1. How many residues does the stretch 66-100 contain that are without any contact (Cβ under 8 Å) to a residue 24 or more places away in the chain and out of contact with any strand residue (DSSP E or B) (no Cβ under 9 Å at 6 or more places or on another chain)?
2. Filter the stretch 26-39 for residues that are within 19 Å of Ala96 (Cβ to Cβ) and not charged (D, E, K, R) and give the result.
3. Going through the stretch 1-20 one residue at a time, which ones are more than 19 Å from Pro85 (Cβ to Cβ) and in contact (Cβ under 8 Å) with a residue 24 or more places away in the chain?
4. Among the residues of the stretch 74-88, which ones are in a helix (DSSP H, G or I) and either among the polar types (S, T, N, Q) or within 16 Å of Phe41 (Cα to Cα) (or both)?
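The values are calculated or read from the model by the stated rules, or taken from the named source; none is laboratory data. Note that this is a predicted model, so its numbers are computed, not measured. Backbone-built Cβ (ideal geometry, glycine too); neighbour counts: all protein chains shown.
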Amino acid sequence: MYTRALFARLEAKPGKEEAVAKFLETGLQLANQESTTPVWFALRLGPSTFGVFDAFADETGRQAHLNGPIAQALMAQAPELFAAPPGIEPIDVLGAKVPRG
């Protein structure tokens, strides 16, 4: 059961929308390397608004992700790509339907 999650809302700078999309697409490779990040989605919410949703089995997994390579890359690229600092919200998962692996 996934009990913890994160949602990051990202607003691209004007003209940087496709660069943000490409950046998030490459994030999948990093997410696949994180054993404590079993669920990861990069989202396009609107023309210049993006998001990342990920879920974890516990708080340890969430903290490992927040201190991992995806978070570091996100913060390193933030000044160039985003109109404002990423808004990262911790979320408690109340229920989930996911394929069993």
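1. Adding up the residues that qualify gives 11.
2. Ala31, Ser35, Thr36, Thr37, Pro38, Val39
3. Residues satisfying the conditions are Met1, Tyr2, Thr3, Arg4, Ala5.
4. Hits for the stretch 74-88 are Leu74, Gln77.
Here's the yes/no breakdown for (1) farther than 23 Å from Arg100 by Cβ; (2) of a type in the set (Asp, Glu); (3) modelled with pLDDT under 95:
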site	(1), (2), (3)
Phe41	no, no, no
Thr49	yes, no, no
Ala55	no, no, no
Gly61	no, no, no
His65	no, no, no
Pro69	yes, no, yes
Met75	yes, no, yes
